[in-house]
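Participant: Take this structure first; my questions come after.
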Amino acid sequence: DHGASDTQCPVIIKVLNAVNGTSAANLHMQIYRRSEDLSWQQLNTGVTGVNGEVHDLATEADFVPGLYKVHFNTADYWRALGYVSFHECVNVIFRVDASAHQHYTLALLLSPYSYSTTGVIRDAH
């Protein structure tokens, strides 16, 4: 739980390594927002901590309604652990609606040959 700093953290990423059932630490990612010309504009980069989470990819001011993409560098993650992966990367694209003060949790369950993702939207205040 982020407590008072939650207002600075409208999107939280959580990643679990399904091979050994642990948090996926040191997984690099980038977050993008789709612009009006349909290109992807990078907002920030992040790396999961020992708990498999990233909390500071965007502030509420930057997290406006629109289409977003989180690009996970999964091949590099698995290579660092000594595995060969099938997927070079995982891209999760999702929409942020116009509701104010909603916070998003994006969860990713990861193995070298598969992945699953889910999202949770909640009112922050």
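Participant: Would you tally the residues in the stretch 67-82 being under 20 Å from ASN20 (Cα atoms) and either surrounded by 14 or more Cβ atoms within 10 Å (Cβ to Cβ) or among the hydrophobic types (A, V, I, L, M, F, W, C) (or both)?
Facilitator: 9
Participant: Has the stretch 42-63 got at least one residue that is under 22 Å from GLN102 (Cα atoms), open to solvent by 30 Å² or more (accessible area, probe 1.4 Å) and of a type in the set (A, V, I, L, M, F, W, C)?
Facilitator: Yes: one or more hits.
Participant: Let me ask something additional. Given the criteria touching a residue at least 40 places away in the same chain (Cβ under 8 Å) and either part of a helix (DSSP H, G or I) or touching a strand residue (DSSP E or B) at 6+ places or on another chain (Cβ under 9 Å) (or both), does TYR32 qualify?
Facilitator: Spelling it out, it is not the case that TYR32 is touching a residue at least 40 places away in the same chain (Cβ under 8 Å) and either part of a helix (DSSP H, G or I) or touching a strand residue (DSSP E or B) at 6+ places or on another chain (Cβ under 9 Å) (or both).
Participant: Limited to the stretch 61-117, what total is found for residues that are in a loop (DSSP other than H, G, I, E, B) and among the aromatic types (Phe, Trp, Tyr)?
Facilitator: Selection size over the stretch 61-117: 4.
Participant: Here is a further query. Given (1) touching a strand residue (DSSP E or B) at 6+ places or on another chain (Cβ under 7 Å); (2) open to solvent by less than 30 Å² (accessible area, probe 1.4 Å), where does ILE121 come up short, assuming only one miss?
Facilitator: It is condition (2) that ILE121 fails.
Participant: In the stretch 12-29, what count of residues is obtained for those that are in a loop (DSSP other than H, G, I, E, B) and open to solvent by 80 Å² or more (accessible area, probe 1.4 Å)?
Facilitator: Final tally of qualifying residues: 2.
The values are calculated or read from the model by the stated rules, or taken from the named source; none is laboratory data. Keep in mind the model is a prediction, meaning the values are calculated, not measured. Don't worry about glycine lacking a Cβ; one is built from the backbone with ideal geometry, like all the others, and counts go over all protein chains shown. Just so you know, the surface numbers come from the protein's heavy atoms only, side chains and all, with ligands and any DNA or RNA stripped out. Shrake-Rupley method; radii C 1.70, N 1.55, O 1.52, S 1.80 Å.
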